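J.: Quick one: the structure is below, questions incoming.
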Amino acid sequence: MAAKVIIVDYDAGNLRSVQRACAHVGIEAAISADPGDLRKADKVIFPGVGSAASAVDTLSERGLDEAIREFYRAGKPLLGICLGAQIVMEFTEEDKRDCLGLIEGVCERFDFADRTLKVPHIGWNQVEIVQPHPLLAGVRTGDEFYFVHSYYVVPTRKQNIYGVTEYGAKFCSVVGQENLFATQFHVEKSGRAGLAILEQFKCWDG
């Protein structure tokens, strides 16, 4: 029987593009805003774009925040994408908001003395893999992924950093802990390399 995969709907981005990318690698994923669906799922994808403050509020209003925490504590595979990667941290500088607290650390805003470096960071950029992970089995250091973000995760523990990217300075672009894996870039917009991560997610048991 195929795993039940749920894409979390909290009004934060184009979930259909994530669903189409999943279908491309043979993952049949449903989009849902129902906390009950998350609790019954085998795997969850937590994507997102836009405002962290708005996202945190919507998650709380729908009861999805606690459903995601319960899902993570159950040890089942959880994939965060872009805003989803930021919200799994403890705190974000964006509107000074508490987040889900699944991984120790914060989200900080890019702040450059060099004004030629634009914020948000938009476009293709390379990822350097700093430690192996099952979801990175089809990815090599130097592969390029698509980014759109003004904030980035700063994990407390280096052991949670799986990939870094250079933009003014090196920042964490891939973070993980136990059954949680999250990317600052958009896997669904990153062509072959992004699909390679979803391909591994299909068979990852967390």
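J.: Could you list, in sequence order, the residues of segment 94-109 that are within 19 Å of Phe185 (Cα to Cα) and either modelled with pLDDT under 95 or open to solvent by less than 10 Å² (accessible area, probe 1.4 Å) (or both)?
T.: Glu94, Ile103, Gly105, Cys107
J.: Let me ask you something else. Among the residues of segment 175-193, count how many are in a helix (DSSP H, G or I) and surrounded by fewer than 24 Cβ atoms within 10 Å (Cβ to Cβ).
T.: Of the residues in segment 175-193, 4 are in a helix (DSSP H, G or I) and surrounded by fewer than 24 Cβ atoms within 10 Å (Cβ to Cβ).
J.: Only one of Gln159, Gln131, Gln200 is assigned to a loop (DSSP other than H, G, I, E, B) and either open to solvent by 60 Å² or more (accessible area, probe 1.4 Å) or closer than 26 Å to Arg73 by Cα (or both); which?
T.: After applying the criteria, what remains is Gln131.
J.: Continuing with the same structure: Go over the candidates Tyr162, Tyr146, Tyr152 one by one and state the one that is touching a residue at least 12 places away in the same chain (Cβ under 8 Å) and in contact with a Leu (Cβ under 9 Å, 6 or more places away or on another chain).
T.: Tyr162
J.: Let me ask something additional. Taking the residues in segment 134-156 that are farther than 15 Å from Pro120 by Cβ and in a loop (DSSP other than H, G, I, E, B) as candidates, determine which candidate is most open to solvent (accessible area, probe 1.4 Å).
T.: Arg140
J.: Just wondering, is there one or more residues in segment 32-42 that are touching a residue at least 60 places away in the same chain (Cβ under 8 Å) and open to solvent by less than 10 Å² (accessible area, probe 1.4 Å)?
T.: no
J.: So is Gly206 part of a loop (DSSP other than H, G, I, E, B) and on the phi > 0 side of the Ramachandran plot or not?
T.: yes
J.: Out of Ala85, Ala23, I need the residue that is modelled with pLDDT of 95 or more, touching a Ser or Thr at 6+ places or on another chain (Cβ under 8 Å) and in a helix (DSSP H, G or I). Which one?
T.: Ala85
The values are calculated or read from the model by the stated rules, or taken from the named source; none is laboratory data. Keep in mind that this is a model prediction, so the values were computed, not measured. Neighbour counts are summed over all protein chains in view; Cβ atoms, including those assigned to glycine, are modelled from backbone coordinates with ideal geometry. Surface accessibility is based on the protein's heavy atoms, side chains included, excluding ligands, DNA and RNA. Shrake-Rupley method; radii C 1.70, N 1.55, O 1.52, S 1.80 Å.
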